1. Taking the Cβ-Cβ separation of Phe90 and Lys456 as r and a Förster radius of 60 Å, what is the calculated FRET efficiency to the nearest 0.05?
2. Along each of the three principal axes of the Cα atoms of the chain, give the extent in whole Å, ordering the values from largest to smallest.
3. List the pair-distance distribution P(r) of segment 1-112, using every Cα-Cα distance, as the percent of pairs falling in each 10 Å bin from 0 up to the bin containing the longest distance, rounded to whole percents.
4. Length gain on complete extension for the stretch Ile500 to Ile191, per 0.36 nm per residue less the alpha carbon to alpha carbon distance?
5. Rounded to the nearest whole Å², what accessible area per residue is found for the chain with the 1.4 Å probe?
6. Highest first, please rank the peptides 143-151, 73-81, 113-121 by the mean number of other Cβ atoms sitting within 10 Å of their residues.
7. Normalise the Cα radius of gyration of segment 370-423 by 2.2 N^0.38 Å (N = residues in it) and let me know the number.
8. Once phi is turned into ³J(HN,Hα) by the Karplus curve 6.51 cos²θ - 1.76 cosθ + 1.60 with θ = phi - 60°, what whole-Hz value does each residue of segment 369-382 show in order, with x for glycine and proline?
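The values are calculated or read from the model by the stated rules, or taken from the named source; none is laboratory data. Predicted model, so just to flag it, every value in this text is computed and none were measured. Quick reminder, even Gly has a Cβ in these numbers, built from the backbone with ideal geometry, and neighbours come from all protein chains shown. Just the protein is used for accessible areas: all its heavy atoms, side chains included, with ligands, DNA and RNA removed. Shrake-Rupley method; radii C 1.70, N 1.55, O 1.52, S 1.80 Å.
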Amino acid sequence: MKLAYLRKIRIVVSIIFLLSIAIVFLDITNFLPASFINYITFLQFIPSIIKFTNLFLPMSFGFIIVIILTLLFGRVYCSSICPLGTIQDFSSYTAQKNNKKKKFTFSKESFWLRYSVLGITIVSILSGSLFLINLLDPYSNSGRIFAQLFNPLVTLLNNLIAFSLEKFNIYFIYPIEIKAFYISAASFPLIFLVIVLYVSYKRGRLYCNTICPVGTLLGLISKFTIFKLRIDKTSCEGCGICARVCKAECIEKTTKEIDFSRCVACYNCLDVCPSDSINYNFISLNSSQKTSDESRRNFLSRTSMLFIGLTTTAISQIKIIPKKDSKVAIKKNSFASPPGSKTIDHFNSNCTACHLCITACPTKVLQPSIVEYGIFNIFQPFMDYKTNYCNYDCVACSEVCPTSAIQTVTSEQKKSIQIGKAIFVKENCIVETENTACGACSEHCPTKAVMMVDYKGNLKIPEVTNKYCVGCGACEHACPTKPYKAIYIDGNVTHQVAEIKPTEKLDQKIDYKEEFPF
């Protein structure tokens with residue numbers, strides 16, 4: 001029975017998954033609702049496992065579905081769902097187009113390398129470190145490639161189109177500011193992408209079958225797969241065409257055997273066998289998807305957050321320019337982690353650094369860390385108040401996090417989550433150093449934890465009441481002093497509860513008759 005159409009289905013499904021992931025990470029206007037993003041990331045294996053261990057919610061069972069699919073059909077996650085797998089397939093496809101004579105050949109399994117990487121990765125996870133997973137997980141690497149390399153390029157292209165259309169008085173596309181771009185954070189995904197593309201150009205899915213811990217784990221499970229590709233040795237003519245197109249290099253021509261633990265279910269062999277000697281029995285599964293009425297509300301909320309973020313950012317950039325450099329160096333005991341992450345330890349233990357929260361953040365206050373959380377937590381997002389500050393009402397990062405490293409919080413809940421406290425350094429403040437009126441920190445504080453109080457003559461100076469501070473960083477971002485800020489946020493290792501400042505009532509009575517005499 002010839003099942004060549006399976007390959008076509010696999011290609012279509014792979015492209016759909018890859019495009020969906022790409023759209024999620026390249027959504028520079030934050031147009032997509034969080035519910036849609038959660039559907040897209042639902043089946044990503046490692047994030048789903050981490051989310052399951054934290055929440056035990058239906059939306060965290062994606063990895064169980066992947067395991068069931070693997071037990072039924074083999075590594076369909078690697079062939080279609082994993083975005084890095086499809087990226088590698090494009091490279092292999094290009095190699096075949098450039099060289100019509102290119103062919104894959106069977107190679108023996110790198111047993112010790114393969115299972116050593118998996119074993120060390122599991123041990124590191126059990127010991128509480130996600131360092132290796134952050135570096136090797138295919139989904140997280142794909143996320144960083146899209147977030148750190150392609151997202152800035154899409155933003156540049158958007159701005160180029162916006163400026164071009166502006167000359168013709170067309171404004172339906174507006175420019176978007178690139179708040180920050182760290183070469184150090186972009187270097188790793190760039191190097192990783194180049195290596196993976198080169199390896200797949202030369203050897204197909206070599207990365208998936210030697211280094212990737214997800215591929216190795218699913219390969220173990222696929223040994224128990226019910227429906228497998230098999231070569232009918234009685235009818236097989238031994239031409240070896242199937243082995244030439246096997247990008248997993250797992251078909252041995254001489255023995256007519258398929259190493260199914262390395263087979264990535266691409267079905268290329270089905271398409272080319274001249275004697276129809278490769279068989280595959282399969283069943284179909286019906287799936288259903290629920291729709292949610294929250295999509296429209298989330299879309300409106302996220303869109304409004306974008307415009308609020310852009311507006312507040314523009315306002316915050318109207319700064320007083322100091323005449324003198326500040327002298328007192330600041331020292332943060334800890335960098336703040338996003339609201340909803342509960343503790344820095346919880347965040348570091350569950351974040352795989354996929355950077356989806358970075359692309360979803362409207363103000364771009366979230367940026368990839370290098371040493372802020374320690375080198376073993378490299379690339380995990382931190383609150384970078386040099387770039388911007390956390391919008392008081394925004395919960396976008398908590399809505400899209402696929403691992404629950406940032407757990408979902410409502411806008412009202414977030415307003416009392418204290419991720420850090422403001423520290424005022426009087427010796428750096430230009431009110432003190434230059435006898436100049438300022439007040440930028442107080443003007444931008446959404447909770448009024450920073451207030452201006454009488455100082456010298458007509459001058460006022462900031463005073464911090466930290467029980468009202470949520471650590472959003474608006475004060476630090478707005479402070480004009482350089483190189484050291486006069487006010488900064490010291491992150492809370494464990495998030496605390498901030499008090500809501502009572503609203504002041506005005507006792508002044510307005511004489512409306514006198515104000516509006518006519």
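1. 0.35
2. Principal axes ranked by extent give 102, 54, 43 Å for the Cα atoms.
3. 12, 33, 35, 16, 5, 0
4. Numbers: separation 309, 0.36 × 309 = 111.24 nm, distance 4.67 nm.
Gain on stretching Ile500 to Ile191: 106.6 nm.
5. Values: 25720 Å² over 518 residues.
It amounts to 50 Å² per residue over the chain.
6. Numbers: 143-151: 22.8, 73-81: 26.6, 113-121: 16.7.
So the order, starting with the most tightly packed, is 73-81, 143-151, 113-121.
7. In units of the 2.2 N^0.38 Å rule of thumb, it is 1.25.
8. 7, 10, 10, 4, 9, x, 5, 7, 10, 4, 6, 6, x, 10
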